[in-house]
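What follows is a short report on a single structure.
The values are calculated or read from the model by the stated rules, or taken from the named source; none is laboratory data. This one's a predicted model, so the numbers in the text were calculated from it and none came from an experiment. Glycine gets a Cβ as well: all are built from the backbone with ideal geometry, and neighbour counts include every protein chain shown. Side chains included, ligands, DNA and RNA excluded: accessible areas come from the protein's heavy atoms. Shrake-Rupley method; radii C 1.70, N 1.55, O 1.52, S 1.80 Å.
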Amino acid sequence: MEYISTRDPQATPAKFSDILLGGLAPDGGLYLPKEYPQVDDATLTRWRNVLKDEGYAALAAEVISLFVDDIPSDDLKAICARAYTTPKFSDEDIVPVTVLDNGMYIGHLSMGPTAAFKDMAMQLLGELFEYELARRGETLNILGATSGDTGSSAEYAMRGRKGISVFMLTPAGRMTPFQQAQMYSLDDPNIHNIALDGVFDDCQDIVKDVSNDLEFKNKWRIGTVNSINWARLMAQVVYYVNCWIHVTDDNSKRVSFSVPTGNFGDICAGHIARQMGVPIDRLIVATNENDVLDEFFRTGTYRVRTADETLATSSPSMDISRASNFERFIFDLLGRDAEKTADLFGNRVKTGGFSLTNNAVFHDVAVKYGFLSGSSTHQDRLDTIADCWKRLGVVVDPHTADGIKAARDNRELVGTPIVCLETALPVKFGETIQEAIGRDPEVPERFEGILDGPRHVTDMPNDTDAVKQFISETLS
């Protein structure tokens with residue numbers, strides 16, 4: 001298995017272990033497999049039996065082995081077994097699937113240590129990083145950005161690991177108190193929280209700026225855990241397979257997914273699974289009021305917003321107006337035209353965006369690749385949460401409510417069961433849950449008292465050089 005950049009596929013292909021530690025390609029592009037591995041009926045049947053007989057970790061090893069050929073098979077199985085285990089995950093199924101309503105299901109991705117879907121990839125990433133660094137005798141300093149859940153998932157996955165430090169940028173005042181408490185309460189010496197005077201897109205831009213400074217990146221051994229890192233998406237492909245198996249009883253049946261997404265990473269994994277031949281019908285992109293992705297999938301225009309135009313909403317993990325992983329899909333949509341992709345994302349996105357409305361390939365978005373989309377308002381979220389609770393006895397978080405709303409809005413266009421992928425447990429968004437149903441969400445025992453702990457965070461201006469200085473001074 002070889003990997004290429006979305007901006008220069010003619011460059012020397014890379015192996016998985018090399019791109020694992022690097023994140024962005026040297027040309028600023030994102031890594032993808034040179035060719036997506038293809039699965040046949042026999043493979044799908046074997047995966048069904050593996051999940052039934054051996055569980056999620058064994059399924060993960062099966063799926064991931066298609067993308068990784070430079071880690072011995074037994075080592076990869078052990079890595080997956082360490083990543084996906086109880087009580088680290090609170091349910092033995094790791095990703096249970098339950099019936100919601102009217103041909104709709106919930107894929108529960110929030111059983112991990114930080115109660116967010118990001119744990120699904122991050123726990124594997126922590127194991128992979130520690131394994132590969134030990135194999136090379138190297139260290140790694142992770143620079144990341146979070147709009148809510150990536151940061152805590154990364155920090156809980158990396159805390160205490162040998163040879164790894166984490167520097168996590170957060171948008172000051174833009175996360176819920178629970179999300180802040182999860183991150184800022186950690187006092188591990190290898191964890192460094194930075195509250196940036198800006199929005200998530202500013203944090204993400206600084207991560208990219210630092211990653212593009214190859215001299216600084218190499219000197220301080222900078223890596224990333226944001227979804228620009230291919231290994232994150234690779235890990236997420238597994239739960240699409242898992243959910244499809246749970247909902248179907250034979251390989252001829254297809255399943256659709258509705259996915260709350262701001263950075264396009266979660267649903268990009270679904271796109272990859274579909275391209276591999278997993279029987280996925282439709283992929284429904286669910287956004288909040290920051291609807292840059294919904295606008296593209298409806299109109300063909302990708303119009304990025306400024307920081308001032310990016311709204312603070314009640315589903316804050318999706319308060320994103322420049323979706324990093326979107327480049328991977330556009331690369332595929334354009335027939336893997338690297339020159340065109342480099343122009344769109346290296347140039348035109350920086351000046352406001354681009355339009356494919358009059359390009360023949362826009363027809364393929366829905367017809368060939370199966371995408372639909374929808375958006376929600378704050379009132380939509382409240383109504384959806386209230387309906388799920390009062391009518392179905394299910395409490396969902398605001399992001400998952402966005403996904404359910406988009407699924408319901410597109411139900412007539414979808415003739416297959418829809419799995420709504422859960423984003424987080426409701427406890428992380430207590431204020432919105434209280435507003436929607438008149439009561440506080442249940443607090444799992446493992447999170448009791450978390451809001452009362454001390455805080456460890458450094459406030460910083462929205463300035464790349466200031467962040468670089470902090471990193472270099474900390475590591476010196």
For region 246-279, which positions are closer than 21 Å to Arg408 by Cβ, in a loop (DSSP other than H, G, I, E, B) and at pLDDT 95 or above? Arg254
For region 195-240, which residues satisfy the criterion of being outside any helix (DSSP H, G or I) and among the small types (Gly, Ala, Ser)? Ala195, Gly198, Gly223, Ser227
Only one of (1) surrounded by fewer than 14 Cβ atoms within 10 Å (Cβ to Cβ); (2) in contact with a helix residue (DSSP H, G or I) (Cβ under 6 Å, 6 or more places away or on another chain); (3) not hydroxyl-bearing (Ser, Thr, Tyr) does not apply to Leu59, and that is (1)
For residues in region 183-223 being within 22 Å of Arg159 (Cα to Cα) and free of Cβ contacts under 8 Å to residues at least 12 places away in the same chain, which is most open to solvent (accessible area, probe 1.4 Å)? Pro189
Testing Phe362 on (1) more than 22 Å from Phe257 (Cα to Cα); (2) surrounded by fewer than 21 Cβ atoms within 10 Å (Cβ to Cβ); (3) of a type in the set (Phe, Trp, Tyr), one condition comes back false. Which one is that? (1)
Quick check: anything in region 369-376 closer than 20 Å to Leu283 by Cα, of a type outside the set (A, V, I, L, M), open to solvent by 50 Å² or more (accessible area, probe 1.4 Å) and in contact (Cβ under 8 Å) with a residue 12 or more places away in the chain? no
Taking region 294-348 as the region of interest, how many residues are among the charged types (D, E, K, R), over 22 Å from Asp209 (Cα atoms) and touching a strand residue (DSSP E or B) at 6+ places or on another chain (Cβ under 7 Å)? 3
Here, helices (runs of 4 or more DSSP H) confined to region 33-115 with at least 2 residues that are in contact with an Asp or Glu (Cβ under 7 Å, 6 or more places away or on another chain) and within 29 Å of Gly151 (Cα to Cα) are 73-83
Residue identified as hydrophobic (A, V, I, L, M, F, W, C) and at pLDDT 95 or above among Phe429, Phe470: Phe470
Hey, can you tell me all the residues within region 246-284 that are surrounded by 24 or more Cβ atoms within 10 Å (Cβ to Cβ) and of a type in the set (S, T, N, Q)? Ser256, Ser258, Thr261, Asn263
Filter region 80-95 for residues that are out of contact with any helix residue (DSSP H, G or I) (no Cβ under 6 Å at 6 or more places or on another chain), surrounded by 15 or more Cβ atoms within 10 Å (Cβ to Cβ), of a type in the set (D, E, K, R) and at pLDDT 95 or above and give the result. Asp93
Of all residues being in a loop (DSSP other than H, G, I, E, B) and modelled with pLDDT of 95 or more in region 302-335, which is nearest to Gly198 (Cα to Cα)? Just the residue, please. Leu334
For region 345-369, which residues satisfy the criterion of being in contact with a Gly (Cβ under 9 Å, 6 or more places away or on another chain) and not aromatic (Phe, Trp, Tyr)? Gly346, Ser355, Leu356, Thr357, Asn358, Asn359, Val361, Val365
Mind telling me which of the residues Thr313, Thr287 ends up being on the phi < 0 side of the Ramachandran plot, hydroxyl-bearing (Ser, Thr, Tyr) and buried (at least 24 other Cβ atoms within 10 Å of the Cβ)? Thr287
Return the residue satisfying two criteria in turn: it lies in region 96-116 and is of a type in the set (Val, Ile, Thr) and open to solvent by less than 50 Å² (accessible area, probe 1.4 Å), and of such residues it is farthest from Val414 (Cα to Cα). Thr114
Could you grab me the full set of residues in region 341-369 that are more than 23 Å from Ala269 (Cα to Cα) and in a loop (DSSP other than H, G, I, E, B)? Gly352, Thr357, Asn358, Asn359, Ala360
Looking only at region 433-442, decide whether some residue is buried (at least 20 other Cβ atoms within 10 Å of the Cβ), of a type outside the set (Val, Ile, Thr) and under 20 Å from the mean Cα position of the chain (by Cα). no
